[in-house]
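Remarks on the structure that follows.
Readers should treat all values here as calculations from the given coordinates under stated rules, not as data from a laboratory. What you are looking at is a predicted structure, and each value in this text was computed from that prediction instead of being measured. Heads up, the Cβs are rebuilt from the backbone with ideal geometry, glycines too, and the neighbour counts pull from every protein chain shown.
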Amino acid sequence: MNTSNHKEFLDTLRKKPLAEMQREVDAYISQFKEGYFSPLALMARLTEEAGELAREVNHAYGEKPKKPEEEDNSIALELGDLLFILLCFANSLGIDLTKAHDEVMHKFNTRDADRWTRIDKEGEV
């Protein structure tokens, strides 16, 4: 995706804060007696979903075409499944993902501040 297309894509994104997503997932899970799975079960689910995403990426960009009888999943749906499990994982452990994201971005913006070649304001490298 070139820079122009990337900026257009970013402009189309819906605004839905992580906190709202965490609350939405919690409202869904809270209606069931079983509640959240254990951290180990959630880790297994996360790994399963990552494998399903890898399969879709391989079908879309790799040398392995889908079999005719395989379901028509998409990379977007598999990323959504991963996000749902990550939200469940965070909720089950009482982790605020917005705070975690802020901490990770601070880490990248300080530790890796000079690691990559920056694009200047005129678009030159």
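So, in the stretch 7-50, of the ones that are surrounded by fewer than 11 Cβ atoms within 10 Å (Cβ to Cβ) and among the aromatic types (Phe, Trp, Tyr), which residue ends up nearest to the chain's Cα centre (by Cα)? Result: Phe9. Of all residues in the stretch 39-63, those being in contact (Cβ under 8 Å) with a residue 24 or more places away in the chain and of a type outside the set (Lys, Arg) number 8. Scanning the stretch 65-85 for residues that are under 18 Å from Phe37 (Cβ atoms) and touching a helix residue (DSSP H, G or I) at 6+ places or on another chain (Cβ under 7 Å) turns up Asp81, Leu82, Phe84, Ile85. For the stretch 1-35, the tally of residues that are farther than 22 Å from Lys99 by Cα and assigned to a loop (DSSP other than H, G, I, E, B) stands at 8.
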